1. In region 320-433, which helices (runs of 4 or more DSSP H) lie fully inside it and hold 2 or more residues that are away from the ligand (no atom under 15 Å from the Cβ) and of a type in the set (Asp, Glu)?
2. Being within 14 Å of the ligand (Cβ to nearest atom), in contact (Cβ under 8 Å) with a residue 60 or more places away in the chain and either polar (S, T, N, Q) or open to solvent by 20 Å² or more (accessible area, probe 1.4 Å) (or both), is that true of even one residue in region 466-482?
3. For region 286-319, enumerate the residues that are in contact (Cβ under 8 Å) with a residue 60 or more places away in the chain and within 16 Å of the ligand (Cβ to nearest atom).
4. In the set ALA332, ALA262, ALA319, ALA275, which member is over 16 Å from LYS376 (Cα atoms), in contact with a Leu (Cβ under 9 Å, 6 or more places away or on another chain) and not polar (S, T, N, Q)?
5. So GLU223 ticks every box in (1) open to solvent by 10 Å² or more (accessible area, probe 1.4 Å); (2) at pLDDT 95 or above; (3) within 16 Å of the ligand (Cβ to nearest atom) but one. Which box is left unticked?
6. Can you tell me which of GLN68, GLN30 is open to solvent by 10 Å² or more (accessible area, probe 1.4 Å), part of a loop (DSSP other than H, G, I, E, B) and either assigned by TED's automatic domain parsing to the domain that holds ARG154 or within 16 Å of the ligand (Cβ to nearest atom) (or both)?
7. For LEU90, indicate whether it is within 16 Å of the ligand (Cβ to nearest atom) and out of contact with any helix residue (DSSP H, G or I) (no Cβ under 8 Å at 6 or more places or on another chain).
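The values are calculated or read from the model by the stated rules, or taken from the named source; none is laboratory data. Bear in mind that the values here come from a model prediction, so they are computed numbers and not experimental data. Methodologically, a virtual Cβ is constructed for each residue, glycine included, from the backbone with ideal geometry; neighbour enumeration extends over all protein chains shown. These area figures cover heavy atoms from the full protein model, side chains too; ligands, DNA and RNA do not enter into them. Shrake-Rupley method; radii C 1.70, N 1.55, O 1.52, S 1.80 Å.
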Amino acid sequence: MQVTIVATQPFQDQRPGTSGLRKKVSEFLQPHYLENFVQSIFDSLPGHEGQTLVLGGDGRFHNREAIQTIVRMAAANGFRRIMIGRGGILSTPAVSCVIRKHRAFGGIILSASHNPGGSHADFGVKYNVGNGGPAPEVLTETIYARSKALTGFRICSADTVDIDRVGETRYGDLSVAVIDPVCDYAELMASLFDFDAIAALFASGFRMRFDAMNGVTGPYAKEILEHRLGASPGTVIRGEPLADFGGIHPDPNLVYARELVADLNGPDGPDFGAASDGDGDRNMILGRQIFVTPSDSLAILAANAGIAPGYRDGLVGVARSMPTSRAVDYVARALGIPCFETPTGWKFFGNLLDAGKATLCGEESFGTGSNHAREKDGLWAVLFWLNILAAQRKSVERIVRDHWRQYGRHYYARHDYEGLDPRVAAAVMSELRKVTLTLPGRNVARHSVTAADDFRYTDPIDGSEAEHQGVRILMSEEARIVFRLSGTGTFGATLRVYLERYERDHLRHGLDVQAELGELAQAASQIARLAERTGRSEPSLVT
Ligand code: G16
């Protein structure tokens, strides 16, 4: 196969965000845009020649075409083997699992996660390293630096690869293995959870609904829940990965999965509900008449981890991103294990997991996972919940309420101000950095401010530093307000305001969340002068 070096002009906007490079499809369709970024990745990976690369995506618009391009570039850049999910499909956690199991050098995931798909929507490219996790910041910055100076990319003129049939073929020196996207992942799940107990739960008449939101998780959920565990056919809804996700926003939260929420709140609703996002790494957990916040879900999994065979030996530690509520901290304290607080972004958990310092990790942004992979894992969280439900035979609501009674409840909400002018959003943050310095000792929403800062993280394993990770206003353990800018949007800037209030008194655990956080929300808006600066009196999304 002939390798061509194609001359190109560098792009200046290929800096990966919280999770890879995400842009509108129209931007990715510019000549050489994808090729330049992929070449920048390969150029930043010393020692990749002769190695194996894993490749797959969430099936969104442009997935299949991008795969053909990347295969030809992988061949031209000296990879020996490439493993592709059949149909170009691999969920983000499955990529992590396949990289680890087959000791691949790394993997490319084609996804913009929970962002909408389709010709007018979003596309994304993310590189994962040999531990199965997202590239650390030092690597993403190297890729970015390379992209700004690139003058050519390497590509082979090979035929189109058949990605729809499992099997191995050769393209010159490159071996192309098309793999079943579900198999390795399902095997890993069966090693972690008590599938017999979960099957017995379903056999007893327990009813569940899983909304795959037309994203990548459908085939995984159907195979594991319906075929292996015996959940009734139809348990998985919106289970076919669609290029435009059927026109929906594949983000599992109370707003975008509202039909599922309505089902669970209905008179004859199922016992358990769950949803996953476009690329399968996020999860939402619901019981009859109850939504389990991701922060609570992490705490509950940590408190009950010993139930699942894969975690029977206990947890070495837990980790959460800074804006995630402090519910899991209370569990860690009771278990006598460390709890790490990291910046937002799954990549920050990688070192802790690799060093054996943490077993479970989680984020408020509907992400939960463990040391079984190096990505958050939607279906894993659902199976963990099923294992707990199968062992305890209590309702989701009972489990949550018992948990609050033991540890106290963290009322929690996130208010998003989306589509802001990026300059205005940056100015809000820079003013907050100054204003909050004056707050300690003063009262905010009737709580006394004990500390305020711009969160800065020093990785305990390699000493790397991450600055400006969000402005925190702490009112001891009673309450907290956090402000930060999203790193995953593709349009304007999104300001996230995270609100949290701790309630020990179990008689006050059943109150309305938004009402309980109303005063904090108002205070946050005043401190940041949001109405004045952004012209918005309300957030655009509350989750
Ligand atoms: C990504 C990251 C997560 C992060 C989330 C939200 O999730 O993998 O670690 O919490 O973005 O980031 P932000 O608040 O910056 O928008 P995903 O599911 O989009 O890959």
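1. Details: elements: 327-335, 350-354, 378-392, 396-407.
Result: 396-407.
2. So far as region 466-482 goes, yes, one or more of its residues are within 14 Å of the ligand (Cβ to nearest atom), in contact (Cβ under 8 Å) with a residue 60 or more places away in the chain and either polar (S, T, N, Q) or open to solvent by 20 Å² or more (accessible area, probe 1.4 Å) (or both).
3. THR293, PRO294, SER295, SER297, LEU298
4. None of the others qualify; the one that does is ALA332.
5. With (1) open to solvent by 10 Å² or more (accessible area, probe 1.4 Å); (2) at pLDDT 95 or above; (3) within 16 Å of the ligand (Cβ to nearest atom) applied to GLU223, the lone miss is (3).
6. GLN30
7. Spelling it out, it is not the case that LEU90 is within 16 Å of the ligand (Cβ to nearest atom) and out of contact with any helix residue (DSSP H, G or I) (no Cβ under 8 Å at 6 or more places or on another chain).
Each row is one residue, and each column tells you yes or no for (1) open to solvent by 10 Å² or more (accessible area, probe 1.4 Å); (2) touching an Asp or Glu at 6+ places or on another chain (Cβ under 6 Å).
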{"position": "ALA190", "(1), (2)": "yes, no"}
{"position": "ILE198", "(1), (2)": "no, no"}
{"position": "ALA243", "(1), (2)": "yes, no"}
{"position": "PRO252", "(1), (2)": "no, yes"}
{"position": "GLY273", "(1), (2)": "no, no"}
{"position": "ASP281", "(1), (2)": "no, yes"}
{"position": "ILE285", "(1), (2)": "no, no"}
